[in-house]
Amino acid sequence: MNKHLLVTISEDATAHAGLRFVCAFFQHKDDVRLTLFNTAPQPPAVWAEEANYETLRLNEEAALAIISSGKRAMEAARGIFLQGGFRPGQVDDKIVARNFSRIQDIVKEGESGLYDAVVFGRRGLLRLENLLDKSASEEMLQAKFAFPLWLCRDVEYDRKGVLLCVDDSEPSRRMADHVGFILQGEPEHPVTILRVLRKTDSTQNTEGLFGAAIDALKENGFPARLIKTRLEQNDNVAQAILDEAGRGRYAAVAVGRSDRHKGVLSQLFTGSVTMALFRKLTGAALWVSR
């Protein structure tokens with residue numbers, strides 16, 4: 001089954017981290033399909049009382065310049081993917097006029113296109129980060145999308161493996177399924193399942209802490225020999241994840257973000273933990289599902 005990724009594109013060359021991560025991460029690219037997506041801003045509006053030949057001409061020129069810039073960005077991105085080992089037939093282009101904000105347009109496309117993941121490069125990440133304390137961004141992160149986000153910032157492209165951080169929540173189970181699906185045919189990437197317990201939690205009965213994640217990986221055909229488990233006790237959940245991510249030099253850190261608290265174990269990877277990872281994780285991509 002093809003893995004179909006929506007890769008966000010911009011005119012800024014510093015946004016290529018997501019592109020290069022995809023190229024480096026997939027060693028076996030034949031089963032991967034990519035859609036490059038650029039949401040182009042609308043040219044400034046021309047009010048009726050301002051409309052004349054000169055203003056309309058300038059508006060048309062602005063629109064053409066935006067389209068040309070978007071096409072150049074697409075050509076540059078396509079070149080990166082072709083150099084990275086993808087075939088031309090695996091890469092599609094999609095440029096749309098911006099209807100809402102850039103982030104909202106990406107979310108809409110990600111949901112309507114039924115993509116397996118949406119990949120943000122550096123510029124998309126920084127734009128998102130600038131809005132973290134605002135209600136619109138908080139709403140988007142918490143409840144307005146139904147696909148995994150791959151956030152790529154300061155990634156190191158020679159890393160291998162995925163750190164799958166689990167708790168007892170449904171988002172965590174969905175992320176385990178996502179990791180298993182993405183890693184089909186990618187034996188170069190082992191998975192370490194990390195479970196973080198509070199220091200006050202008992203570790204006498206840990207037999208079932210990893211079962212759901214292991215089952216999800218195996219159901220996707222991921223080999224048991226490539227699965228490791230790790231148990232940590234730390235009241236600072238985000239720091240425990242960051243420490244393990246640094247030790248293991250994983251290519252990606254994967255978490256399922258929970259918003260409904262249903263007990264001690266099911267609330268470990270809530271918004272505050274995910275946000276801390278978002279702001280502090282370097283070297284690895286951050287995969288987030290809901």
If you check every pair at least six apart or on different chains, which have Cβ atoms under 7 Å apart with a residue in the stretch 211-238 that is closer than 12 Å to ASP177 by Cβ first and a residue that is exposed (fewer than 13 other Cβ atoms within 10 Å of the Cβ) second?
LYS218/ALA224
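Restricting to the stretch 250-286, count the residues that are out of contact with any strand residue (DSSP E or B) (no Cβ under 7 Å at 6 or more places or on another chain) and at pLDDT 90 or above. Give the steps one after another, and end with the answer.
Of the stretch 250-286, the ones out of contact with any strand residue (DSSP E or B) (no Cβ under 7 Å at 6 or more places or on another chain) are 258-267, 270-273, 275-276, 279-280, 282.
Applying the additional criterion that residues be at pLDDT 90 or above yields 282.
Number of matching residues: 1.
Of the residues that sit in the stretch 169-187 and are closer than 14 Å to VAL255 by Cβ and charged (D, E, K, R), which one is surrounded by the most Cβ atoms within 10 Å (Cβ to Cβ)?
Narrowing the stretch 169-187 to residues closer than 14 Å to VAL255 by Cβ: 169-179.
This time we only want the ones that are charged (D, E, K, R), so: 170, 173-174, 177.
Numbers: GLU170: 14, ARG173: 18, ARG174: 16, ASP177: 20.
Among residues in the stretch 169-187 that are closer than 14 Å to VAL255 by Cβ and charged (D, E, K, R), the one surrounded by the most Cβ atoms within 10 Å (Cβ to Cβ) is ASP177.
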Suppose we keep only residues that are crowded, with 24+ Cβ neighbours inside 10 Å and more than 10 Å from ALA251 (Cβ to Cβ) within the stretch 158-168. Which one would you say is modelled with the lowest pLDDT?
ASP167
Could you figure out which of (1) within 24 Å of LEU5 (Cα to Cα); (2) outside the structural domain of ASP30 (by TED's automatic domain parsing); (3) modelled with pLDDT under 90 isn't true of ASN205?
(1)
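The values are calculated or read from the model by the stated rules, or taken from the named source; none is laboratory data. All values reported here derive from a predicted model rather than from experimental measurement. A quick note on method: Cβ atoms are made from the backbone with ideal geometry, for glycine too, and the neighbour counts reach across all protein chains shown.
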